[in-house]
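Heads up, the thing below is written out as structure tokens.
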Amino acid sequence: MVETLLNFVFGAALALVLLVASGYFWQWIYIRPTGQDETLYLKTQDGWKLAVHHYVPHDGPVGNPVILCHGLSSNRFSFDLPGCPSLAEYLRAHGRDVWVPELRGSGMGDVPGLFFSDVPYSWDFDDHLGNDVPAIIDLVRDRSAATKAHWIGHSMGGLLILRTSRVMTRLVSHQQ
């Protein structure tokens with residue numbers, strides 16, 4: 001009986017230690033530098049801090065800026081994983097002004113903590129759509145002085161801009 005209880009306590013303690021270690025490991029991974037020239041932080045309309053990584057072309061920008069948006073449960077490493085081929089680096093090498101945002105809850109922006117947190121785990125697609133995307137577009141427009149940008153989205157990142165364009169089209173057609 002005592003042996004079973006001790007095994008249970010030891011197993012629970014080991015599981016807790018591994019869980020905490022895993023959280024710290026992934027936090028360390030997410031703050032590793034990629035090839036960006038600068039990381040900017042912005043606040044969304046509802047107060048979340050997002051990180052946007054900027055890759056400045058070496059010989060001046062060619063064409064419109066490019067925004068590379070990751071999908072669900074991902075971050076900037078979707079487009080620039082250290083030690084691997086990088087879409088962000090490729091586009092920068094070809095003269096594009098590249099912006100890689102990290103949506104709420106991922107990467108170097110506001111991320112809920114493992115046990116205690118200042119930010120909640122309660123966000124959804126509509127929060128990304130209504131708060132994150134407009135803030136990212138405004139930042140890119142303000143910093144690059146461009147009136148248009150290309151948006152390349154992986155998975156949910158593509159759905160966000162598709163839905164954003166449909167919402168904007170409906171708003172414009174209703175105002176006419």
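The values are calculated or read from the model by the stated rules, or taken from the named source; none is laboratory data. Keep in mind that this is a model prediction, so the values were computed, not measured. A quick note on method: Cβ atoms are made from the backbone with ideal geometry, for glycine too, and the neighbour counts reach across all protein chains shown.
So in the stretch 41-62, with the set limited to residues that are touching a residue at least 60 places away in the same chain (Cβ under 8 Å) and more than 21 Å from L129 (Cβ to Cβ), which one is surrounded by the most Cβ atoms within 10 Å (Cβ to Cβ)? Give the derivation first.
Filtering the stretch 41-62 down to residues touching a residue at least 60 places away in the same chain (Cβ under 8 Å) leaves 41-46, 48-50, 52, 54, 61.
Next cut, more than 21 Å from L129 (Cβ to Cβ) only: 54, 61.
On the way: H54: 21, P61: 16.
Step by step, filter the stretch 41-62, then rank; the result is H54.
Take the residues of the stretch 80-98 that are hydrophobic (A, V, I, L, M, F, W, C) and modelled with pLDDT of 95 or more: which is nearest to H128 (Cα to Cα)? Outline the logic, then answer.
Applying the first criterion (hydrophobic (A, V, I, L, M, F, W, C)) to the stretch 80-98 yields 81, 84, 87-88, 91, 93, 98.
With the extra rule that they be modelled with pLDDT of 95 or more, the set shrinks to 87-88, 91, 93, 98.
Numbers: L87: 23, A88: 22, L91: 25, A93: 29, V98: 20 Å.
Among residues in the stretch 80-98 that are hydrophobic (A, V, I, L, M, F, W, C) and modelled with pLDDT of 95 or more, the one nearest to H128 (Cα to Cα) is V98.
Looking at the stretch 99-147, which of its residues are within 24 Å of S86 (Cβ to Cβ) and either of a type in the set (K, R) or not assigned by TED's automatic domain parsing to the domain that holds A88 (or both)?
Initial filter on the stretch 99-147 (within 24 Å of S86 (Cβ to Cβ)): 99-109, 111, 128, 132-133, 136-137, 139-140, 143-144, 146.
Residues satisfying the conditions are R104, R143.
Limited to the stretch 88-120, what total is found for residues that are outside any loop (DSSP other than H, G, I, E, B) and in contact (Cβ under 8 Å) with a residue 60 or more places away in the chain? Reasoning before the result, please.
The initial filter retains those residues of the stretch 88-120 that are outside any loop (DSSP other than H, G, I, E, B), namely 88-93, 98-102.
Pick out the ones that are also in contact (Cβ under 8 Å) with a residue 60 or more places away in the chain and you get 100.
So the count comes out to 1.
Is it true that some residue in the stretch 59-67 is closer than 18 Å to P33 by Cβ, in the same structural domain as P134 (by TED's automatic domain parsing), touching a strand residue (DSSP E or B) at 6+ places or on another chain (Cβ under 7 Å) and among the hydrophobic types (A, V, I, L, M, F, W, C)?
For the stretch 59-67, residues closer than 18 Å to P33 by Cβ, in the same structural domain as P134 (by TED's automatic domain parsing), touching a strand residue (DSSP E or B) at 6+ places or on another chain (Cβ under 7 Å) and among the hydrophobic types (A, V, I, L, M, F, W, C): absent.
For the stretch 87-100, check the following and say yes or no: at least one residue is under 30 Å from L16 (Cβ atoms), surrounded by 15 or more Cβ atoms within 10 Å (Cβ to Cβ) and touching a helix residue (DSSP H, G or I) at 6+ places or on another chain (Cβ under 7 Å). Walk me through how you get there before you give the answer.
Of the residues in the stretch 87-100, the ones under 30 Å from L16 (Cβ atoms) are none.
No, the stretch 87-100 contains no residue that is under 30 Å from L16 (Cβ atoms), surrounded by 15 or more Cβ atoms within 10 Å (Cβ to Cβ) and touching a helix residue (DSSP H, G or I) at 6+ places or on another chain (Cβ under 7 Å).
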